[in-house]
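The values are calculated or read from the model by the stated rules, or taken from the named source; none is laboratory data. The shown structure was predicted, so the numbers you read here are calculated from the model rather than taken from an experiment. Cβ: placed from backbone, ideal geometry, glycine included. Neighbour counts: every protein chain shown.
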Amino acid sequence: MSTSGVVDEPPESYTMEPVHEQTATLHTYCKESALLHRSLAELPHMVTNAQGSFLFLGNGQKILDACGGAAVAILGHGNPEVIAATVEQMQKVSYVHTMSYTTKPAEELAQFLVNMGGDAHKLTKAYLVGSGSEANEAALKAARQYFVERGEVQRCYYVARRQSYHGNTMGAMTVSSNLARKAPYTDVLPSNVSFVSPAYAYRYQEADETEEQYAARLISELRQEFLRITPEKIISFIAEPVVGATSGCVPAPRGYFRGVRDLCEEYGILLHLDEVMCGVGRTGTYFAFEQEGIQPDIVTIGKGLGGGYVPISAMLLGDKVVDSLRRGTSAFNHGQTFQAHPVACAAALAVQKIVKRDHLLQRCAECGQKLGRMLWETFADCRYVGDIRGRGLFWAMEFVQDPSTRAPFPKHIAFGARIHKAAFDFGVAIYPGTGTVDGVNGDHVLIAPPFTVSDEELCLLVSTLKRAYDVAEDSLD
Ligand code: PLP
């Protein structure tokens, strides 16, 4: 059954945007690389070395990595302790198949992660894979299996939110709402998902509405959607506690997630929080959901887990889900060759132990407040700055053509991409965003420096960003 009516409608044409137009920093035309890059037309920059907060390019340029790639490099680059732990594990056990074996770093990492959930969160098992998309694929299947084990086989729908991103594999893309990425595949993606409004106050909170009233309106819409589909047919509701790539560091209004939790509880629907981008300390607490005072049934994390030293992600299951699997077939029907890879686990464990030992969550929260203050002081009165928002070391600025009406720039202006390019030319890498606002292009840039970023680097970041903004603004005159 299609849940059409509320389902995100794909754009009318299947035209995909050329990647090099979305990321204005790609400039070297070259077709001899055997590597299938994101763009077939142009080569990205060659990085020859990376240390601390900086990347060193083949052309001699030094770049402050103020976005950690995509909020990945939480410790910066070249950390000797992580490298030593990774090499040591390679020398001990480089690989075993998890059908028959387990390893110490995999067990320790899983234990570390469920402990970070704290007693109240009841996350009791970690499933370790390689990317955020894989973690979300696993989560979609674990959620379905939970109900199959309970005999509720009629539950086969997922509900997600517009302006969300959960990954690029078919299942993860199905519950994502990144229309540009989905467009060519809409005919082949499953249709058992529907979308509700994002929790995005800057765009959608009414002028005469309080934060609480806005949250209540969103919860009411979610209830209507559950009822429209029939709650007993729904598997899970999926959401990012702080939305990352599609809209730029958007936290929900106060009370929204408590309302979501209560509603899911009322109808027996699982709550799956995707913290692939905002988790692992990025917002100043280990999990972003801790700031919402709720307990999810399933959580997925990725990016910062291995800090970029290795590809690794995790699906964390609450005891309710684990219990159902244990009482049923006593197996999780989803094996992967490289799950719980010992070398990846050893590297991630080293990263996470450093975060804990060096009190980097606290540091992230404190530096984040400093960064927020600096952004407000520097950009609050700028002509095209619509919103400045963030938590921890996860900040975004949204640019609009007219702050009084919040009207976005026309797509061809690509204001965010202009800033991104100018900042890069001045030696600072930020994450460009071209999320959509009701089908119209929106512009934001995303900042996610390492938790180890120094005060001097923060100053360099903000002053360079202002120079880049000025270049972009002048370029419109
Ligand atoms: N979920 C969220 C919230 C993300 O931001 C991303 C990636 O940007 C993903 C999932 C997919 O992760 P990956 O690119 O590692 O597959």
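Computed values, structure above
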item: One residue from 110, 71 being surrounded by 16 or more Cβ atoms within 10 Å (Cβ to Cβ) and on the phi > 0 side of the Ramachandran plot; result: 71
item: Residue within segment 244-267 that is at positive phi, part of a loop (DSSP other than H, G, I, E, B), crowded, with 23+ Cβ neighbours inside 10 Å and within 16 Å of the ligand (Cβ to nearest atom) present; result: yes
item: Any hit, segment 315-330, residues being within 16 Å of the ligand (Cβ to nearest atom) and in a helix (DSSP H, G or I); result: no
item: So residue 163, is it closer than 25 Å to residue 385 by Cα and within 16 Å of the ligand (Cβ to nearest atom); result: yes
item: Every pair of residues 6+ apart whose Cβ atoms lie under 9 Å, when the first sits in segment 55-70 and is part of a loop (DSSP other than H, G, I, E, B) and among the aliphatic types (A, V, I, L, M) while the second is at pLDDT 95 or above and surrounded by fewer than 17 Cβ atoms within 10 Å (Cβ to Cβ); result: none
item: Breaking point among (1) in the same structural domain as residue 129 (by the TED database); (2) in contact (Cβ under 8 Å) with a residue 40 or more places away in the chain, for residue 371; result: (1)
item: Lone qualifier among 203, 217, 181 - being in the same structural domain as residue 320 (by the TED database), assigned to a helix (DSSP H, G or I), within 16 Å of the ligand (Cβ to nearest atom) and surrounded by 15 or more Cβ atoms within 10 Å (Cβ to Cβ); result: 181
item: Wholly enclosed helices (runs of 4 or more DSSP H) of segment 91-168 bearing at least 3 residues more than 21 Å from residue 349 (Cα to Cα), touching a helix residue (DSSP H, G or I) at 6+ places or on another chain (Cβ under 8 Å) and aliphatic (A, V, I, L, M); result: 132-149
